[in-house]
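Data block below; observations after.
The values are calculated or read from the model by the stated rules, or taken from the named source; none is laboratory data. Remember, it's a predicted structure, so these values are computed and weren't measured experimentally. Here the Cβ is made from the backbone with ideal geometry for all residues, glycine too, and neighbour counts use every protein chain on show.
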Amino acid sequence: MRVVSGIQTTGNLHLGNYLGAIRQWVAMQDEGECLFFLADLHALTSNVTPQELANSTIEMAATLLAAGIDDRAILFNQSRVPAHSELCWILQGTARMGWLNRMTQWKDKAGKNREGASVGLFTYPVLQAADILVYQATHVPVGEDQKQHLELARDVATKFNTDFGVELFPLPEPLISKAAPRIMSLRDGSAKMSKSDPSDMSRINLIDDDDTIASKIRKSKSDADLLPDSFDALAERPEAKNLVTIYAALAEREPQSVVEEFAGQGFGAFKPALADLAVSVLAPVRDRLQRLLGDRAAVGAQLARGAERAQALAAPTLKAAQQAVGLQV
Ligand code: ADP
Ligand code: TRP
């Protein structure tokens, strides 16, 4: 089992990233060989400034370490392992325009201004495929929103293997968190919790202090009804469903057992319990993060060591891909 995943280095990590992706990464460290990286090349497709990019790479690396990524895994930043970019160029010959045109992230991010969007935003999923395939990854833990990009990586792998008559790339499986495939905004139960939401009240950042966490939960959107005794009965109450889902994911319990415990109570009782739980889970992560941010150079050194290990693992696959297409390297 070879596990690979990345996260784009734009801004702060939030509870959705933590429950949907990072907690899975931490758990996977005992299951197989893991490579986790900060996708700083992908971040170039967003409107990040050079200063923001430089800071957020170190800060997000520190957040991952604070969340429990350690020496069992290889942690690095993507741009320091040139094999990602080199394989990406080769795979640009394999990926089809039509495949990329169907990507919902491309459609959402480019919006109506496709002509003015960068080429990098369009070919973003090809770099993601290279990130995965350059390590011959078998498993990729991500949130649900990345499923389509994983399917594209599988299509690229299949076409490359067929076109060049090789069995180079295994088909990577997405691992989607069951507990938290999609954590929603605290202000709108129909929008995903995201760092790109302009309202900071919509998300809990992993750097938030205890009072901020509690106040965001207290002020989160809910409804005036009582909690039912069945989780399925929350289907038409997106905000209520989201808060129960967050509680269950943080407590590592089934949502049904959470509604049973709070059945008949309103959000006046549920929210303080959720706030206490969130603080108890997130405070230790934040405290470790703050300590790590006090020594950014050490975090940078750790990324450099990770990159060396990653480059060594990527080199044979890159070489095999170059040879398969006839490059004399
Ligand atoms: P954002 O949408 O905030 O920009 P990213 O796209 O960088 O977050 O996502 C990083 C990882 O976190 C991905 O694996 C993604 O699927 C996961 N993720 C992001 N937001 C959520 C969410 N609201 N619920 C569950 N997982 C999420
Ligand atoms: N596109 C992913 C996101 O927005 C980040 C990412 C880049 C990634 N390369 C990857 C995830 C490779 C998994 C595997 O979250």
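Cβ contacts < 6 Å: first residue buried (at least 20 other Cβ atoms within 10 Å of the Cβ), restricted to the range 73-89; second residue acidic (Asp, Glu), any location; separation 6+ or different chain. Result?
The qualifying pairs are 77/40; 78/40; 79/40; 84/131.
Which residues, taken from the range 67-84, are farther than 13 Å from residue 307 by Cβ and assigned to a helix (DSSP H, G or I)?
Of everything in the range 67-84, just one residue is farther than 13 Å from residue 307 by Cβ and assigned to a helix (DSSP H, G or I), namely 67.
Within the range 8-44, how many residues are at pLDDT below 95, in contact with a Leu (Cβ under 7 Å, 6 or more places away or on another chain) and within 10 Å of ligand 2 (Cβ to nearest atom)?
Qualifying residue count for the region: 1.
Only one of these conditions is not met by residue 53: (1) surrounded by fewer than 20 Cβ atoms within 10 Å (Cβ to Cβ); (2) in a loop (DSSP other than H, G, I, E, B); (3) within 14 Å of ligand 1 (Cβ to nearest atom). Which number is it?
(2)
So for the range 282-295 (the condition being within 23 Å of residue 187 (Cα to Cα), surrounded by 14 or more Cβ atoms within 10 Å (Cβ to Cβ) and of a type in the set (A, V, I, L, M)), does at least one residue qualify?
yes
Go through 100, 127 for me and flag whichever is at pLDDT 95 or above and out of contact with any Pro (no Cβ under 8 Å at 6 or more places or on another chain).
On inspection, the qualifying residue turns out to be 127.
Output the residues belonging to the range 191-206 that are assigned to a loop (DSSP other than H, G, I, E, B) and modelled with pLDDT of 95 or more.
If the condition is that a residue be assigned to a loop (DSSP other than H, G, I, E, B) and modelled with pLDDT of 95 or more, then 191, 193, 199, 203, 204, 206 are the ones that fit.
List, please: which pairs have Cβ atoms under 7 Å, are six or more places apart or on different chains, and start with a residue in the range 42-57 that is touching a residue at least 40 places away in the same chain (Cβ under 8 Å) and end with one that is assigned to a loop (DSSP other than H, G, I, E, B)?
Hits for this filter: 45/118; 53/9; 56/9; 56/10; 56/11; 57/9.
Quick one: how many residues across the range 157-186 are within 16 Å of ligand 1 (Cβ to nearest atom), surrounded by 18 or more Cβ atoms within 10 Å (Cβ to Cβ) and assigned to a loop (DSSP other than H, G, I, E, B)?
So the answer is 7.
One line per residue, one yes/no per condition, for (1) assigned to a helix (DSSP H, G or I); (2) away from ligand 1 (no atom under 15 Å from the Cβ); (3) of a type in the set (Gly, Ala, Ser):
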position	(1), (2), (3)
120	yes, yes, yes
132	yes, no, no
135	no, yes, no
141	no, no, no
147	yes, no, no
150	yes, no, no
155	yes, yes, no
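Of the residues that sit in the range 2-27 and are in a strand (DSSP E or B) and either more than 9 Å from the chain's Cα centre (by Cα) or over 10 Å from residue 63 (Cβ atoms) (or both), which one is nearest to ligand 1 (Cβ to nearest atom)?
The residue in question is 8.
For the range 214-227, which residues satisfy the criterion of being in contact with a helix residue (DSSP H, G or I) (Cβ under 7 Å, 6 or more places away or on another chain) and surrounded by fewer than 17 Cβ atoms within 10 Å (Cβ to Cβ)?
218, 219, 223
Report, by residue number, each residue of the range 197-242 that is among the aliphatic types (A, V, I, L, M) and over 22 Å from the mean Cα position of the chain (by Cα).
214, 217, 224, 226, 227, 233, 234, 235, 240
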